[in-house]
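Asks: Mind having a look at this structure? Questions to follow.
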Number of protein chains: 4
Amino acid sequence: MKIIVLVQCKDDVGLVAKISGLISSLGANIVSMREYVDTTQGRFFARLELSAFSDLSVVETGLRNVLPRDASVQVKTALPKRVVLLVTKEHHCLSDLLIRHHFQTAGMKIECVIGNHESLKELCSRFDVPFFHISHEEKSKDVFEKELLEKLSHFTFDFIVLAKFMRILSPAFVARFPMKIINIHHSFLPAFVGANPYRQAFDRGVKLIGATAHWVTDSLDEGPILTQQSIPVDHTFGVSEMVRSGKEIEVSVLAKALRLICEDRTFVYGNKTVVFE
Amino acid sequence: MKIIVLVQCKDDVGLVAKISGLISSLGANIVSMREYVDTTQGRFFARLELSAFSDLSVVETGLRNVLPRDASVQVKTALPKRVVLLVTKEHHCLSDLLIRHHFQTAGMKIECVIGNHESLKELCSRFDVPFFHISHEEKSKDVFEKELLEKLSHFTFDFIVLAKFMRILSPAFVARFPMKIINIHHSFLPAFVGANPYRQAFDRGVKLIGATAHWVTDSLDEGPILTQQSIPVDHTFGVSEMVRSGKEIEVSVLAKALRLICEDRTFVYGNKTVVFE
Amino acid sequence: MKIIVLVQCKDDVGLVAKISGLISSLGANIVSMREYVDTTQGRFFARLELSAFSDLSVVETGLRNVLPRDASVQVKTALPKRVVLLVTKEHHCLSDLLIRHHFQTAGMKIECVIGNHESLKELCSRFDVPFFHISHEEKSKDVFEKELLEKLSHFTFDFIVLAKFMRILSPAFVARFPMKIINIHHSFLPAFVGANPYRQAFDRGVKLIGATAHWVTDSLDEGPILTQQSIPVDHTFGVSEMVRSGKEIEVSVLAKALRLICEDRTFVYGNKTVVFE
Amino acid sequence: MKIIVLVQCKDDVGLVAKISGLISSLGANIVSMREYVDTTQGRFFARLELSAFSDLSVVETGLRNVLPRDASVQVKTALPKRVVLLVTKEHHCLSDLLIRHHFQTAGMKIECVIGNHESLKELCSRFDVPFFHISHEEKSKDVFEKELLEKLSHFTFDFIVLAKFMRILSPAFVARFPMKIINIHHSFLPAFVGANPYRQAFDRGVKLIGATAHWVTDSLDEGPILTQQSIPVDHTFGVSEMVRSGKEIEVSVLAKALRLICEDRTFVYGNKTVVFE
């Protein structure tokens, strides 16, 4: 069982020496170590993988003793993360995640899927993953979100993944899950924020389209970006061809972002991410 | 000598048959033919390369006879295009174009370079390309552009290329050269319109940066896009690393756009381009 | 229902005029047309999409009348292609194709899956796709292939897809299905032919890995290439990281190749393909 | 002035702690640190950038004291590297390097250019870079290389760059400059070793072409790879179109490899490189 150590704090002289010295003094073995200093912000980030070590709390206490008082320190075993997926009608991201869940290749366990339409229920049942239908129709956003929250309260999860969930969540909802909601947006943000990005891309006549996975904050499509990808298009692409091509990278971008998160390879600071791939 | 034929008109049944039938009946040889119908706009575009044929006007008249009355028809020999470059201080795009000009690999002849700073004069002199310094300092935009126009009036050219020219041209200036001014913008438009796109990209925390070559219209950075490219960045990229990486694709995007234009491979319709690569 | 027309023949003057003239004279509407002349080989290729037309044989007869005697002419309605998949133990390509089959997004219907191991049976059953286990163990290749052929004889199919099938088929087997067997090879051919390409790539210290979809001929990994893709790797990639990253593009390359084939967008001539994307 | 520290040695427990502890104890400031352990080979690599520190030998001695006896330790100021370029007739890589040299954007100073043809002399003179013509014609390889060596003996240089030098150097010549000769090969090695890779690529019908920068060892095109890139091609690419497209990435791959080397970001171990981008 691997041990993951995540440290984030104000930068200072000798942090790497202190961390690696402490680990070394405990007789633990550093399998890999990545660190980064954001010199413009004076911020230090580190991720270590240790080989098996019996007592995590000894590592954590030791690190807290050598690091600045306000350092964020996490020491944990590398276990699959539990996620809840929110979906609407499009199946492509959900399908891919169900497959990765089924074969346990994503470091992720899907606790359940919640759809505001019923269309994807059948697919979930094929993988024995619980699906719940909570319609948004004929009710206020407030009521809809209350029903969502009620359903979510029955599950323990690390992250909520908006896997092509086409409703905009209220700031109040988002505030309950800070840096716990991941979204896939079908454009290379900040281009084409909001609805129908492929239509916007078509109208603008771009020669590239893209997809962006990001943390959800209360500003629509403006949260910290985890990963992005783009592919070329040309004048022969109508909106539907852009949609078809774009789906391929949406799948790939969301899968990559989830892998990075589930392997504890990402940090957030300000409105940006540090990603140790 | 190759002959290039460009046709753009309202779509109709049998246009390809009419065009290829006419060329065939004249005994000319079609080396390559590309056509495209924008079905949403009902618009037909075609580009043909013919092997040597003595009388271009026979081809043009013949085509006008078989095509709709309002068709745009151009028949021309494939000659290098004459361009004027406008620059400021950054050398990377200019250097690349001077090399391509010097070795005649771009289908393009640089008539002269005009800089609003004097920094790039020395480089131009190394390639025996005339450089003129027209400062924008201590004068109104109106006066500056009058001086530009005066200088331009001494040259015959097909296109003006803004090769990292950091002044915004007035709508009145642009209106004199419709679809004759090409710009390289250092972002994947429509993201990061306007000044300092790399600073904007850094602040937003994107994981991709890009470059866009486009026709200049009177709306800043909103003209028809010719070509775009993007490259990955990560959290270790400060603004200066983005600038350095971005320059590599600015060079490549502008060179490609110019090649496409100089080889008569692009059409404009509405605010979009059709590009037969 | 769309009509697809495929023409391949010796190049000649006026072929486009003849084809488009004939279609036009029948009152059929050309939705799109792509043609290509391989000037080094003097070979002409064309693909047309026509909007609905009642009598396919009229189009075919008409075309045969205006084209060279030895022209290959196919006129067909755009229907899903029937495929049989051969697999071993790896699930990633199969999973992706089952999803595309299930949601009918690939222009392809999977008739059955045959595995030389039983591992993927469970997955197929989740999508109600018949799976047959034909072990290669403790029997000669000849016997194994006889059993394969017997099983195949119960199905009608357009193509056999080797979706990570890790047995090498004999030339005799391949000869029964000329240009009907598609393989995905996990390298950018012609680099790393044969077994364990990721191990070979690791040993060579490459900075790119790739995947190739190709038609199977009797020379191992040397058939006409349909599509290829590559992704960057670095010194931190061991063999297992290359395998994991590589799988993502194997999936994407095979899916793309199948889409191109199922949409009748590919031709073979000599040992090369012409692909109208 | 930045200080660069490069360490390579057998892996051991606590190396990062020892290195960072030593630097810290000297009061030097680590601007950035990258380290990597090749666990399959048990090999440790580290690169540090320190801010200005007066006495390099103190750092070096200190490191040698805390590191294993056989560690390779280099401590140096970040100065431009001196290079000699060998060329034949093609100008594209040379042009790009001359520009980067001229504007000092590559961390590299070109001491001179030696050509086995005279074609590129004129270009070098435009940048005031000495060019020497040493013809290979009508003489044995042995004599040719003796003349090369004699010319090289007049210059002090860190690296020899084969910037499209189309002669194969003998093992004896290469042995004099171990890991000091960089080559750009116009394919994604190990595909298409040897002469005319674009012709080979065309004949094979690949859908990707590439370029590779590598250290030259006595086995042709088999030295440690520094960086590689690929771009898509299709059936419309003849050999000359592949050459034209390929040149763009040859330029880019060689420039990147040189930047990595000149910034001391690469290590060699066995037949592989570790590259800290």
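Asks: Give me the pairs, please: first residue somewhere in region B:214-232 and without any contact (Cβ under 8 Å) to a residue 60 or more places away in the chain, second residue anywhere and surrounded by fewer than 23 Cβ atoms within 10 Å (Cβ to Cβ) and among the basic types (Lys, Arg), beta-carbon distance under 7 Å, and either six or more positions apart or on two chains.
Replies: Short answer, once both residue conditions are applied: B:Pro224/B:Lys272; B:Thr227/B:Lys256.
Asks: When both residues are 6+ apart or on different chains and their Cβ atoms are under 9 Å apart, which pairs have a first residue that lies in region B:36-51 and is farther than 16 Å from B:Asp11 by Cβ, and a second that is part of a loop (DSSP other than H, G, I, E, B) and of a type outside the set (A, V, I, L, M)?
Replies: From residues that are farther than 16 Å from B:Asp11 by Cβ, the pairs are B:Glu49/B:Lys2; B:Leu50/B:Lys2; B:Leu50/B:Asn29; B:Ser51/B:Lys2; B:Ser51/B:Asn29.
Asks: Also, quick follow-up: From the list C:Phe173, C:Phe192, C:Phe202, pick out the single residue that is over 29 Å from D:Lys272 (Cβ atoms) and assigned by TED's automatic domain parsing to the domain that holds C:Tyr269.
Replies: Numbers: C:Phe192 fails: over 29 Å from D:Lys272 (Cβ atoms); C:Phe202 fails: over 29 Å from D:Lys272 (Cβ atoms).
Unique residue meeting the criteria: C:Phe173.
Asks: For region B:259-277, indicate whether the set of residues that are at pLDDT 95 or above and among the small types (Gly, Ala, Ser) is non-empty.
Replies: Checked against the condition, which is being at pLDDT 95 or above and among the small types (Gly, Ala, Ser), region B:259-277 yields no hits at all.
Asks: Here's a follow-up. Got a number for residues in region C:92-102 being surrounded by fewer than 23 Cβ atoms within 10 Å (Cβ to Cβ) and within 21 Å of C:Ile168 (Cβ to Cβ)?
Replies: Number satisfying all stated conditions: 1.
Asks: Moving on. For region A:224-236, name all the residues that are at pLDDT 95 or above and either crowded, with 19+ Cβ neighbours inside 10 Å or of a type in the set (Ser, Thr, Tyr) (or both).
Replies: Passing the criteria: A:Pro224, A:Ile225, A:Leu226, A:Thr227, A:Gln228, A:Gln229, A:Ser230, A:Val233.
Per-residue answers, yes or no, for (1) more than 8 Å from every other protein chain (Cβ to nearest Cβ); (2) outside any strand (DSSP E or B); (3) within 21 Å of B:Gly238 (Cβ to Cβ):
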{"position": "D:Val5", "(1), (2), (3)": "yes, no, no"}
{"position": "D:Cys9", "(1), (2), (3)": "yes, no, no"}
{"position": "D:Lys18", "(1), (2), (3)": "yes, yes, no"}
{"position": "D:Ile23", "(1), (2), (3)": "no, yes, no"}
{"position": "D:Ala28", "(1), (2), (3)": "yes, yes, no"}
{"position": "D:Arg34", "(1), (2), (3)": "yes, no, yes"}
{"position": "D:Val37", "(1), (2), (3)": "no, no, no"}
{"position": "D:Gln41", "(1), (2), (3)": "yes, yes, no"}
{"position": "D:Arg47", "(1), (2), (3)": "yes, no, yes"}
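Asks: When you check B:Phe127 against the structure, is it of a type outside the set (Lys, Arg) and under 30 Å from B:Ala52 (Cβ atoms), yes or no?
Replies: Judged against the criteria, B:Phe127 is not a match.
Asks: Determine, yes or no, whether B:Val7 is closer than 17 Å to C:Asn29 by Cβ, buried (at least 20 other Cβ atoms within 10 Å of the Cβ) and either at pLDDT 90 or above or over 22 Å from the mean Cα position of the chain (by Cα) (or both).
Replies: On the way: closer than 17 Å to C:Asn29 by Cβ: no; buried (at least 20 other Cβ atoms within 10 Å of the Cβ): yes; either at pLDDT 90 or above or over 22 Å from the mean Cα position of the chain (by Cα) (or both): yes.
The answer is no for B:Val7.
Asks: Please go through region A:122-143 and give me each residue that is within 14 Å of another protein chain (Cβ to nearest Cβ), touching a strand residue (DSSP E or B) at 6+ places or on another chain (Cβ under 8 Å) and either surrounded by fewer than 17 Cβ atoms within 10 Å (Cβ to Cβ) or of a type in the set (Ser, Thr, Tyr) (or both), ordered by number.
Replies: Answer for region A:122-143, where residues must be within 14 Å of another protein chain (Cβ to nearest Cβ), touching a strand residue (DSSP E or B) at 6+ places or on another chain (Cβ under 8 Å) and either surrounded by fewer than 17 Cβ atoms within 10 Å (Cβ to Cβ) or of a type in the set (Ser, Thr, Tyr) (or both): just A:Ser125.
Asks: In addition: Would you please name the residue that is nearest to the other protein chains (Cβ to nearest Cβ), looking only at residues in region D:193-220 that are part of a loop (DSSP other than H, G, I, E, B) and within 14 Å of the chain's Cα centre (by Cα)? Reasoning before the result, please.
Replies: Within region D:193-220, the subset part of a loop (DSSP other than H, G, I, E, B) is D:193-196, D:205-207, D:216-220.
Applying the additional criterion that residues be within 14 Å of the chain's Cα centre (by Cα) yields D:216-217.
Working: D:Val216: 15, D:Thr217: 12 Å.
It comes out as D:Thr217.
Asks: Being hydrophobic (A, V, I, L, M, F, W, C), in contact with a Leu (Cβ under 6 Å, 6 or more places away or on another chain) and at pLDDT 95 or above: is that true of D:Val83 here? Spell out the reasoning first.
Replies: Values: hydrophobic (A, V, I, L, M, F, W, C): yes; in contact with a Leu (Cβ under 6 Å, 6 or more places away or on another chain): no; at pLDDT 95 or above: yes.
For D:Val83, the condition - hydrophobic (A, V, I, L, M, F, W, C), in contact with a Leu (Cβ under 6 Å, 6 or more places away or on another chain) and at pLDDT 95 or above - is not met.
Asks: Here is a follow-up. Identify the residue in region B:158-189 that is more than 16 Å from B:Leu254 (Cβ to Cβ) and buried (at least 18 other Cβ atoms within 10 Å of the Cβ) and, among all such residues, is farthest from the other protein chains (Cβ to nearest Cβ).
Replies: Filtering first and then ranking leaves B:Phe173.
Asks: Let me ask something else. Specify which of the listed residues (C:Thr61, C:Thr77, C:Thr105, C:Thr88) is within 14 Å of chain A (Cβ to nearest Cβ) and either over 25 Å from C:Leu169 (Cα atoms) or surrounded by fewer than 22 Cβ atoms within 10 Å (Cβ to Cβ) (or both). Working first, answer last.
Replies: Details: C:Thr61 fails: within 14 Å of chain A (Cβ to nearest Cβ); C:Thr77 fails: within 14 Å of chain A (Cβ to nearest Cβ); C:Thr88 fails: within 14 Å of chain A (Cβ to nearest Cβ).
Going through C:Thr61, C:Thr77, C:Thr105, C:Thr88 in turn, just one is within 14 Å of chain A (Cβ to nearest Cβ) and either over 25 Å from C:Leu169 (Cα atoms) or surrounded by fewer than 22 Cβ atoms within 10 Å (Cβ to Cβ) (or both): C:Thr105.
Asks: Considering (1) crowded, with 20+ Cβ neighbours inside 10 Å; (2) not in a helix (DSSP H, G or I), say which one D:Phe53 fails and leave the rest.
Replies: Status for D:Phe53: all satisfied but (1).
Asks: Follow-up question, since we're still on this one. Considering only residues that are touching a Phe, Trp or Tyr at 6+ places or on another chain (Cβ under 8 Å) and basic (Lys, Arg), which ones fall in region A:152-186?
Replies: Passing the criteria: A:Arg167, A:Lys180.
Asks: Out of the residues in region C:226-277 that are aromatic (Phe, Trp, Tyr) and assigned to a loop (DSSP other than H, G, I, E, B), which is nearest to the other protein chains (Cβ to nearest Cβ)? Explain how you work it out, then say what you get.
Replies: Looking only at region C:226-277, we keep the residues that are aromatic (Phe, Trp, Tyr), and these are C:237, C:267, C:269, C:276.
Still in the list and also assigned to a loop (DSSP other than H, G, I, E, B): C:237, C:276.
Numbers: C:Phe237: 11, C:Phe276: 9 Å.
Of everything passing the filter in region C:226-277, C:Phe276 is nearest to the other protein chains (Cβ to nearest Cβ).
Asks: On to the next question. Touching a helix residue (DSSP H, G or I) at 6+ places or on another chain (Cβ under 8 Å), of a type in the set (Val, Ile, Thr) and more than 28 Å from B:Gly270 (Cα to Cα): is that true of A:Ile225 in this structure?
Replies: Working: touching a helix residue (DSSP H, G or I) at 6+ places or on another chain (Cβ under 8 Å): yes; of a type in the set (Val, Ile, Thr): yes; more than 28 Å from B:Gly270 (Cα to Cα): yes.
Yes; evaluated as a whole, the condition is true for this residue.
Asks: So A:Pro190 clears everything in (1) modelled with pLDDT of 95 or more; (2) in contact with a helix residue (DSSP H, G or I) (Cβ under 7 Å, 6 or more places away or on another chain) except one condition, right? Which one?
Replies: Result: A:Pro190 fails condition (1) only.
Residues checked against (1) of a type in the set (Phe, Trp, Tyr); (2) under 17 Å from the mean Cα position of the chain (by Cα); (3) within 30 Å of C:His91 (Cβ to Cβ):
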| position | (1), (2), (3) |
| --- | --- |
| A:Glu49 | no, no, yes |
| A:Glu60 | no, no, no |
| A:Arg64 | no, no, no |
| A:Thr88 | no, no, yes |
| A:Leu97 | no, yes, yes |
| A:Met108 | no, yes, yes |
| A:Ser119 | no, no, yes |
| A:Arg126 | no, no, yes |
| A:Glu150 | no, no, no |
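The values are calculated or read from the model by the stated rules, or taken from the named source; none is laboratory data. Being a predicted model, the structure only gives us computed values, none of them experimental. Counting neighbours? That spans all protein chains shown, and the Cβs are built from the backbone with ideal geometry, glycine included.
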